[in-house]
Ligand SMILES: [Zn+2]
C-alpha cells in the first residue's frame, strides 16, 4: 500500500433551488449558496476519495450515501440532496409532506474538488472513476461484511424478495433484486 498517497478536498460549493414535486425546479427561486469557508471546513488527509466525500457530508450535516454522488471530471464530484428551508437534509417524512404539497423543499447541488496530498497533485481519472467502495453484503446478525458468492442460487419469497442466507451464520436476509445484484457484482 502506498502510504504516501492521501486525498484532500480542495474546495466544495453548494447551492440550492426550490424544487416542486409537481413542477420540478422553480425558475428564479430564491436559494442559498455556501462553500467550505462558510462551514469552517478544513480538509484532512483521506485514505480514499469516499472518505473525503464523507467528510464533506459531515461538514454539511448530510448523511453519506454513495448513490447521492457521481464523478464529473477533472477531480470534481457532484452530489445532490433535498434540504428544507434551513438547508437541513430532508427526512423521509419531509419528503412525504412535500409530495402532498404541504412542505417546501429545495434541491441542493454540491460540487467537490478533490486533489492529492497538499493540493500539489491532480487526481487521475482512473482514481475518480473507481471511487466507490464495492457494495458489500452486511449481515445484521453476525455483522460480517463481504461480497456475496457469484454462483449461489437465491430463492424468492412470495413478495418477490430474495432470500439470502448469511454465508457465515446462516441468518436469512430479505433483499430486493437491486440490492442483491449490487452485492454480487462486487464479488
Ligand atoms: Zn451472519
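Could you pull out the residue among 23, 19 that is assigned by TED's automatic domain parsing to the domain that holds residue 110, within 28 Å of residue 100 (Cβ to Cβ) and at pLDDT 95 or above?
Every option except 19 fails the conditions.
Which of the residues spanning the range 1-28 are assigned to a loop (DSSP other than H, G, I, E, B), in contact (Cβ under 8 Å) with a residue 24 or more places away in the chain and surrounded by fewer than 15 Cβ atoms within 10 Å (Cβ to Cβ)?
Listed by number, the residues that qualify are 4, 5, 21, 22.
Within the range 61-99, can you find the residues that are free of Cβ contacts under 8 Å to residues at least 24 places away in the same chain and in a loop (DSSP other than H, G, I, E, B)?
Passing the criteria: 64, 65, 84, 85, 86, 90, 91.
Could you give every pair whose Cβ atoms fall below 9 Å, whose first residue belongs to the range 152-172 and is in the same structural domain as residue 138 (by TED's automatic domain parsing) and in contact (Cβ under 8 Å) with a residue 24 or more places away in the chain, and whose second residue is more than 9 Å from the ligand (Cβ to nearest atom) and assigned to a loop (DSSP other than H, G, I, E, B), counting only separations of at least 6 or pairs across chains?
Close Cβ pairs (under 9 Å, with a partner that is more than 9 Å from the ligand (Cβ to nearest atom) and assigned to a loop (DSSP other than H, G, I, E, B)) amount to 154/148; 164/148; 164/152; 164/154.
Among the residues of the range 119-176, what is the count of those that are part of a loop (DSSP other than H, G, I, E, B) and either away from the ligand (no atom under 16 Å from the Cβ) or on the phi > 0 side of the Ramachandran plot (or both)?
Summing the residues that are part of a loop (DSSP other than H, G, I, E, B) and either away from the ligand (no atom under 16 Å from the Cβ) or on the phi > 0 side of the Ramachandran plot (or both) in the range 119-176 gives 21.
If you check 135, 88, 111, which single one turns out to be surrounded by 12 or more Cβ atoms within 10 Å (Cβ to Cβ), within 21 Å of residue 67 (Cβ to Cβ) and at pLDDT below 85?
Values: 88 fails: at pLDDT below 85; 111 fails: at pLDDT below 85.
When all the criteria are applied, what remains is 135.
The values are calculated or read from the model by the stated rules, or taken from the named source; none is laboratory data. Everything numeric in this text was worked out from a predicted model, so none of it was measured. All Cβ positions, even for glycine, are placed from backbone atoms using ideal geometry, and neighbour counts span all protein chains on display.
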